[in-house]
1. Would you mind ranking S136, S265, S222 so that the residue whose beta carbon has the fewest other beta carbons within 10 Å leads the list?
2. Of all trypsin sites (Lys or Arg not before Pro) in the range 160-264, which ones are in loop regions per DSSP and have a Cβ with at most 14 other Cβ atoms within 10 Å?
3. Roughly speaking, what is the stretch gain from A339 to V273, that is 0.36 nm per residue apart minus the C-alpha to C-alpha distance, in nm to one decimal?
4. About the Cα centre, and with charges only on the beta carbon of Lys, Arg (+1) and Asp, Glu (-1), how big is the dipole of the range 210-309? Nearest 20 debye, please.
5. Is the C-alpha gyration tensor of the range 107-225 telling us rounded, prolate or oblate? Criteria: a/c under 1.5 is rounded; beyond that, a/b larger than b/c is prolate, otherwise oblate.
6. Got a sec? How would I128, I53, I110 order by Cβ neighbour count within 10 Å, fewest to most?
7. Using only the Cα atoms of the range 184-339, what are the Rg and Dmax in Å?
8. What do you get for chymotrypsin sites (Phe, Trp or Tyr not before Pro) in the range 60-120 restricted to DSSP loop and a cutoff of at most 14 other Cβ within 10 Å of the site's Cβ?
Amino acid sequence: MTPQGDGARDAVQHPGTRGQTAVSGVGRPARRRTEATMVPDARPSSYYGRPVIKEPVWTWEIPFYFFTGGLTGASGVLGPVAELVGNDRLARRAWLAALAGAVASPALLISDLGRPERFLNMLRMVKITSPMSVGSWVLNLSAACTTVAAANSWLGWFPRLGPVAKAGAAMLGPFLATYTGVLLSDTAVPVWHEGRRELPFAFGGSAMASAGAAGTALTPISHAGPARRLAVAGVALEGAAMQIMERRLGDLAEPYSSGPGGRYSRASRALNVLGAATLALAGRRSRAAAAAGGVAVMAGAICERWAVFKAGFESARDPKYTVAPQRARLERRRGAAAA
């Protein structure tokens with residue numbers, strides 16, 4: 001999806017919705033209200049209820065790419081940290097999870113783009129102001145570092161290059177885990193753009209939860225303590241970021257409580273709470289409980305990505321989600337100008 005510019009976000013509302021703030025009628029300068037308005041404000045809409053902006057063109061692969069990219073990035077940080085504290089069993093499992101995500105992520109992107117050469121074309125240049133361009137390079141560099149690091153950890157290959165690759169994966173991991181939230185925020189889709197403050201934190205928390213859950217499910221419980229704590233902390237961060245975002249968005253957060261986005265959002269919360277509670281209470285004593293809790297947390301992370309994905313489509317489809325924020329921005333500007 002090509003990000004829309006600021007002009008698309010701040011475009012003046014349709015003539016059919018203009019003039020509610022003017023007492024003297026359409027075409028005359030708006031002035032401060034000194035008498036009661038006889039006609040109530042109209043519902044924000046557009047001509048014939050048609051969408052003001054185009055829906056995203058991304059396909060079903062993108063939410064799964066958001067998940068695998070976050071898993072790769074956060075696992076690429078967990079692996080080196082586990083090695084530093086001498087927990088080699090956890091480190092090897094973390095590198096295995098990171099490698100699985102690094103292999104799946106380009107495949108999902110290529111499937112969405114349709115042809116492999118389109119993926120390669122994204123690497124023809126580096127545009128620092130474009131989250132998509134920066135993210136493409138971060139993904140490829142992180143995948144290369146992760147592959148070398150996993151081979152060194154499991155097979156002992158690349159004895160000199162291995163430590164460098166592990167350090168590179170650790171440095172690139174936070175960017176890979178959060179850049180997709182920045183990418184969504186850089187579009188004209190209302191619920192994504194207006195949630196730009198919290199989305200990177202929500203995606204980062206979900207990536208932490210995924211990496212911790214995968215590490216817990218794959219590692220013997222005697223060595224899985226750090227991964228278990230990371231999963232619970234990630235669930236807490238993701239849940240807090242989403243709650244703060246929905247509260248701040250107000251009526252614009254409606255796609256997160258109704259329709260497909262609402263169903264995925266409720267499933268995500270239920271799975272995250274169930275998985276985190278299982279990991280915290282029973283995961284330290286039972287390998288089966290640790291595996292079940294880890295699977296539930298990872299499923300919750302996938303549902304969270306689908307909730308954000310579906311909410312964006314709904315907010316682009318209904319013109320009220322585009323017109324209402326524009327009207328609010330115009331009212332704030334008029335109030336500031338009058339002051």
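Readers should treat all values here as calculations from the given coordinates under stated rules, not as data from a laboratory. All values derive from a computational prediction rather than experimental measurement. When we count neighbours, we look across all protein chains shown, and the Cβ atoms used for this are built from the backbone with ideal geometry, even at glycine.
1. Values: S136 21, S265 25, S222 9.
In increasing order of surrounding Cβ atoms, one gets S222, S136, S265.
2. Values: sites: R160, K166, R196, R197, R228, R229, R247, R248, R263; in loops: R160, R196, R197.
Taking the range 160-264 and a limit of 14 other Cβ atoms within 10 Å, the loop trypsin sites (Lys or Arg not before Pro) found are R160, R197.
3. Numbers: separation 66, 0.36 × 66 = 23.76 nm, distance 4.73 nm.
Working it through step by step, the gained length comes to 19.0 nm.
4. Values: 11 positive and 5 negative charges, 84 e Å.
With Lys and Arg at +1 and Asp and Glu at -1, about 400 debye.
5. On the way: a/c = 2.18, a/b = 1.33, b/c = 1.64.
In terms of gyration-tensor shape, oblate.
6. Numbers: I128 7, I53 19, I110 16.
Taking fewest neighbouring Cβ atoms as first place, the list is I128, I110, I53.
7. Cα-based Rg and Dmax for the range 184-339 come out at 18.3, 65 Å.
8. On the way: sites: W60, F64, Y65, F66, F67, W95, F119; in loops: W60.
Answer by residue number: W60.
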